[in-house]
1. Which order do 193, 374 take when ranked by solvent-accessible area (1.4 Å probe, heavy atoms of all protein chains), largest first?
2. For the range 23-130, what value does the Rg/Rh ratio take when both radii are computed over Cα atoms and Rh is the Kirkwood radius, given to two decimals?
3. State, in angstrom, two size descriptors of the range 389-452 derived from its alpha carbons: Rg to one decimal place and Dmax to the nearest whole number.
4. Could you go through the range 281-291 in sequence order and give the Karplus-derived ³J(HN,Hα) for each residue, using 6.51 cos²θ - 1.76 cosθ + 1.60 with θ = phi - 60°, rounded to whole Hz, and x for Gly and Pro?
5. Using a 1.4 Å probe on the protein heavy atoms, what percent of the accessible area of the range 431-520 belongs to carbon and sulfur?
6. Measuring from a point 7 Å past the Cα of residue 203 along Cα-to-C-beta, which residues in the range 156-176 have an amide N at less than 19 Å?
7. In whole percent, what relative contact order does the range 97-228 give with Cα contacts below 8 Å and a gap of six or more residues?
8. Keeping every protein chain in place, order 348, 208, 387 by accessible area at 1.4 Å, biggest value first, i.e. largest first.
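The values are calculated or read from the model by the stated rules, or taken from the named source; none is laboratory data. All values derive from a computational prediction rather than experimental measurement. So basically every Cβ, Gly included, is an ideal-geometry build from the backbone, and we count neighbours across all protein chains shown. The area values use the complete protein model at the heavy-atom level, side chains included, leaving out ligands, DNA and RNA. Shrake-Rupley method; radii C 1.70, N 1.55, O 1.52, S 1.80 Å.
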Amino acid sequence: MKCQMTGIEKRVWLLPVLAFIGAFAVRFYLVFFSDIITPDGILYIKTARLIESGESKKLMEFTFIHLYPYLVLLAHKIFPDWETAGRMVSVLMGSLTVIPLFLLTKRMFGLRIASITALFYIINPRLADYSADVLREPTFWFFSITALWLAWEGVSRDNLIWMILSSISTALAAFARIEGVAIFVVILLWIIWYFARQKPDNRRLCLHLSVYILAFPVLLSPFIFMFRGIFARWDFGFTLVKIWLLITSKSSEALELSPEGIRTVRPELVTFLDLARSHRYVIFLSDIILKLVKSLNVVFFFFAVIGIFGRKNVAYSKNEIPVAIWFGVFFITAFLYIAKVYYFSTRHGTLLVFPMLIWAGIGFFELKEQIRSWLGKVYPSAFLTRHMAAILIFAILIAILPKTLSPGGYEKRELREAGVYLKAKGYSGVVFAGEPRLYRIAFYADSEFDSLPFAQTIEELVGFMKKGNARFLIVDAKTDNASYRNIIDSLHPSVFEKINLPELDKFREYSLSLYRLKDR
């Protein structure tokens with residue numbers, strides 16, 4: 001038996017490799033059935049193009065610089081299509097994330113829980129979907145989870161090399177997203193907690209803290225000096241500037257919308273802001289929890305709740321305190337963020353998902369034991385008792401996988417079809433103006449796009465288009481926005497010439513028309 005266990009342990013290293021292969025297979029499959037690119041994805045690709053062209057001045061005027069566009073630029077050397085390059089970066093980073101997640105969970109809670117946590121990550125619909133899109137989140141996930149795993153190895157092994165590597169990974173996470181600062185806080189609290197729970201050793205505590213805090217700045221300083229011309233233009237993910245703006249901005253300003261703004265934004269946002277005025281903190285907490293559930297999935301949320309509150313068979317562990325610290329820091333970060341900007345997306349909710357996945361893994365085994373105990377009383381069965389874990393896994397796969405592997409909705413894919421159609425008709429390289437939600441049509445037409453503000457008169461519309469050098473106006477007759485319907489109704493043949501493109505009017509979700517601004 002001893003030899004058999006030794007053999008199993010020798011093969012444990014295969015599990016994270018298999019987890020990576022499984023994650024990569026799911027995400028690579030989704031690329032071929034992917035939804036339309038996100039608006040942020042277009043921004044990242046435009047940033048990568050500006051980096052490639054060397055237009056640093058225009059780049060700094062256009063956006064802040066972060067890590068993801070540089071990775072897209074590298075991938076573009078392999079994949080000629082920019083969108084494919086961006087998606088493949090996300091596929092790789094999203095697949096690699098399962099490795100440090102597995103290793104961290106295994107180190108904290110053992111092989112069984114690590115394996116289930118990795119499986120839940122692989123098949124999570126929202127995480128898989130984001131890992132096949134042009135988004136920087138998967139890059140952040142990989143470097144942040146890697147930083148946490150390296151830090152845990154560093155304190156548990158009492159090895160400073162791991163802390164240096166964790167510091168580097170934390171910095172890379174911060175260069176990907178501002179929330180990397182929260183990872184920095186989590187690891188500081190982990191170090192303090194780990195050494196405080198044992199016999200106090202202030203010397204080792206201060207040493208680990210100092211190495212973690214100073215490692216990256218010290219290692220990076222020679223490169224900053226050698227390439228100071230480049231680093232002078234690097235905004236380091238806009239982290240410090242954005243933190244300062246969040247601290248100094250007045251949150252009450254976000255609640256106010258002008259009459260024009262009320263007509264142009266989505267109705268659900270108006271409702272949210274109205275409720276937030278009178279029930280601010282309840283609405284904030286509810287919105288964070290809602291986005292967490294949407295990101296985590298209802299099934300995994302159910303397992304996580306059992307893993308936190310419904311334990312009768314699986315004992316609580318001291319190592320759950322670092323997981324609680326991890327979740328707590330990000331929950332507080334989420335609350336402070338929504339309290340300042342009154343906005344919290346589902347993608348923000350993914351930042352809370354990873355500690356919950358660990359609790360979901362624990363909840364899986366707790367539920368398994370509870371079902372076995374109940375079946376032993378009402379329907380004793382050696383087969384069910386022996387194979388309960390496999391039966392539960394099979395049931396989860398049936399419930400989750402169809403959602404994970406399903407392609408995006410046809411309505412968004414219609415925007416891509418419209419853009420490709422316009423490009424085939426010779427409209428690449430032009431400047432379109434239109435409703436902001438039609439922005440992605442221009443991307444697929446390989447053209448530029450100016451989002452129309454609310455225009456009261458036809459003269460204002462023409463003035464805006466001329467200012468942005470837009471010669472073509474694209475509109476959707478099925479728009480729900482009254483302001484843009486008014487624009488469509490005000491288009492006069494003496495000013496705008498409708499172009500005969502009947503294919504644009506044959507979509508199910510959209511009724512598109514293209515107009516050319518006449519020379520006057």
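1. The residues order as 374, 193, largest area first.
2. Details: Rg = 16.5 Å, Rh = 15.3 Å.
Across the range 23-130, the Cα-based Rg/Rh ratio is 1.08.
3. Both quantities, over Cα of the range 389-452: 18.9, 58 Å.
4. 6, 5, 5, 4, 4, 5, 5, 4, 5, 4, 5
5. Details: 2130 of 4650 Å².
After summing per-atom areas, the C and S share lands at 46 percent.
6. 156-161
7. Answer for the range 97-228 is 20 percent.
8. Largest accessible area first, the residues go 387, 348, 208.
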